[in-house]
1. How many residues does segment 197-211 contain that are among the β-branched types (Val, Ile, Thr) and in a loop (DSSP other than H, G, I, E, B)?
2. Can you find a residue that is farther than 18 Å from GLU465 by Cα, in contact with a Pro (Cβ under 6 Å, 6 or more places away or on another chain) and crowded, with 23+ Cβ neighbours inside 10 Å anywhere in segment 78-91?
3. Grab the strands (runs of 3 or more DSSP E) fully contained in segment 401-487, keeping just those with 2 or more residues being surrounded by fewer than 19 Cβ atoms within 10 Å (Cβ to Cβ).
4. Among the residues in segment 226-241, are any outside any loop (DSSP other than H, G, I, E, B) and at pLDDT below 95?
5. Scan segment 488-503 for residues that are in a loop (DSSP other than H, G, I, E, B) and surrounded by fewer than 23 Cβ atoms within 10 Å (Cβ to Cβ) and jot them down.
6. Please determine, by comparing only the residues of segment 92-123 that are free of Cβ contacts under 8 Å to residues at least 40 places away in the same chain and small (Gly, Ala, Ser), which one is surrounded by the fewest Cβ atoms within 10 Å (Cβ to Cβ).
7. Scanning for something modelled with pLDDT under 95, of a type in the set (D, E, K, R) and out of contact with any Gly (no Cβ under 8 Å at 6 or more places or on another chain), does segment 432-439 turn up at least one residue?
8. Tally the residues that are assigned to a loop (DSSP other than H, G, I, E, B) and either within 14 Å of the chain's Cα centre (by Cα) or at pLDDT 90 or above (or both), restricting the search to segment 369-381.
Amino acid sequence: MRNTVQSPFYHSDGAQTRSTALTRIWRPIFTQAAVLLALAVTLTACNQASSQTAHPRATPTPTATPFPQVISDSTFVNMTLVNGVVYAGAGSNGVYALRASDGHVLWHREIEGSVSFDPLLVNGIVYISSSVGDGLSYTYALRASDGAQLWRYSSNNYAFLPTISGDVAYITGEGGYVTALRASDGHQIWRTNTAAPVYGVPLVMNGVVYAASSFSYYSASNGPGYIYALRASDGHQLWRVTTDESPTLSMAMNGAVYAFTNNALFALDAGDGHQRWRQSLDTSIGPQSQVVNGVMYFTTTEISLEGTPTTGSAGPASPLGAAGNLLQSVMQMAPVTTVRPHKEGISSIYAVRIDNGAVLWHYKLTPEGGNNWAQWLSVSDDGIVYTGSFVGENKGYIYALNADDGSLLWRHTTQNATPENAAVVGGVIYVGITTSGGDQTSMYAQRASDGSPIWQRPLDGPLSEAPIVPGDTIYVGTTTGAIYALRASTGSVLWHFIALAGS
């Protein structure tokens with residue numbers, strides 16, 4: 001399972017799923033495709049960064065020949081590993097169950113639409129969210145043992161992956177609702193409408209469902225928004241809090257609900273919704289977060305749009321890395337040549353106490369040419385915060401910070417390449433790095449102590465998400481429909497699978 005411990009997917013009552021960063025909330029919202037497409041084009045237009053020599057440690061250029069079986073540029077793989085089985089959604093090619101030891105296909109289920117999130121396995125049922133287009137989406141419940149369809153829930157708007165608590169699946173959607181379905185057969189128990197579209201999966205804690213909604217989640221006005229507390233048994237509204245800007249739920253724990261807006265992090269009392277504390281931030285997008293020992297570590301990015309629009313080809317890499325996956329369905333529809341405005345983005349790392357909101361430290365990534373975009377975040381057990389950043393199409397960094405005070409321990413330069421998704425496990429950073437122009441991606445293993453390289457392995461394409469590292473094997477999915485199992489110590493390929501429609 002992934003080493004990230006904080007996720008917007010809150011599952012109670014023994015739910016088994018892989019934790020992901022907060023960015024999993026940020027997925028395609030099809031009725032606002034025009035806004036997302038503009039943002040997608042914007043995010044691919046980073047200026048090339050000026051050189052900087054502080055803490056230089058260049059990544060070697062991969063020389064091995066990559067695998068030739070590239071299928072397409074749009075088969076994003078979303079994976080979950082549970083009990084020795086890799087459950088993978090591969091774009092519009094359906095859902096696969098692969099034996100983790102050798103990649104043998106246990107079953108394959110074709111579904112309508114394209115898989116939007118990692119499969120979720122709870123109590124022997126695999127839940128899948130798919131997007132068909134024109135606002136239509138489906139939630140599938142498949143039997144984990146053989147992939148048989150148990151039920152399917154249809155929505156005339158974009159719906160998020162359900163949150164499972166007991167025998168109930170709670171689903172939110174862009175249509176402005178929270179729905180409770182019986183997990184065993186999909187029977188609707190209740191449905192509560194909200195004042196605005198609901199974005200992101202709901203949180204469930206102590207018999208209460210929490211959801212965030214807004215009319216302007218991706219618009220320039222960015223507000224107002226609402227946070228709801230609904231009784232899990234019947235959907236009755238217990239309280240509602242109005243926010244100045246569009247909220248994003250982060251987590252529910254210790255009797256509090258934590259949420260972000262465009263410029264603040266705040267904690268609400270789970271019982272009555274009153275604000276416990278609020279901390280202003282210098283951010284323009286939803287951050288990634290992880291909680292360790294009562295401290296929330298998260299990234300923020302301040303975005304500015306300036307200058308004269310230019311015409312050019314959209315590059316293959318998003319400067320937001322994992323957060324850029326929210327745009328994957330919209331990006332597939334983007335023209336090769338687009339008009340794009342100049343933009344800049346500067347990221348920061350924060351450490352905040354979750355009991356009172358006090359900022360312990362704040363580290364601002366060094367701007368180069370007005371850019372430095374944090375892509376992922378991981379906090380190790382030995383008290384080190386790791387992050388990767390995108391500076392330009394030909395440069396990026398990997399940082400290691402002291403978790404106690406935010407001081408820089410080391411910074412690794414990825415020259416002529418940019419780091420994408422990563423996992424930090426057992427003193428090793430496993431990170432996907434794509435060369436300038438996006439013509440080659442490799443998985444790197446680097447020592448977490450100083451960033452020095454251990455091995456590298458060419459891949460079929462960029463990583464869809466962070467690798468899964470449960471032990472001595474690394475599982476990686478790419479945007480070309482490839483799934484790899486690599487030996488963690490050497491990077492050698494244990495097995496390699498390509499998702500094909502109808503296979």
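1. At the first step, the residues of segment 197-211 found to be among the β-branched types (Val, Ile, Thr) are 198, 201, 204, 208-209.
If we keep only those that are in a loop (DSSP other than H, G, I, E, B) too, we end up with 201.
So the answer is 1.
2. For segment 78-91, residues farther than 18 Å from GLU465 by Cα, in contact with a Pro (Cβ under 6 Å, 6 or more places away or on another chain) and crowded, with 23+ Cβ neighbours inside 10 Å: absent.
3. Numbers: elements: 408-415, 417-425, 428-435, 441-447, 453-459, 473-477, 482-487.
By residue number, 408-415, 453-459.
4. no
5. Residues of segment 488-503 that are in a loop (DSSP other than H, G, I, E, B), as a first pass: 488-492, 499-503.
Scanning segment 488-503 gives ALA488, SER489, THR490, GLY491, SER492, LEU500, ALA501, GLY502, SER503.
6. Per the criteria, the residue is SER101.
7. Residues of segment 432-439 modelled with pLDDT under 95: 432-439.
Remaining after also requiring of a type in the set (D, E, K, R): 439.
If we keep only those that are out of contact with any Gly (no Cβ under 8 Å at 6 or more places or on another chain) as well, we get 439.
So far as segment 432-439 goes, yes, one or more of its residues are modelled with pLDDT under 95, of a type in the set (D, E, K, R) and out of contact with any Gly (no Cβ under 8 Å at 6 or more places or on another chain).
8. Of segment 369-381, the ones assigned to a loop (DSSP other than H, G, I, E, B) are 369-370, 380-381.
Remaining after also requiring either within 14 Å of the chain's Cα centre (by Cα) or at pLDDT 90 or above (or both): 380.
Residues flagged as assigned to a loop (DSSP other than H, G, I, E, B) and either within 14 Å of the chain's Cα centre (by Cα) or at pLDDT 90 or above (or both) within segment 369-381 amount to 1.
The values are calculated or read from the model by the stated rules, or taken from the named source; none is laboratory data. Fair warning: this is a prediction, and the values are worked out from it, not measured in the lab. Please note: Cβ atoms are built from the backbone with ideal geometry, for glycine as well, and neighbour counts cover all protein chains shown.
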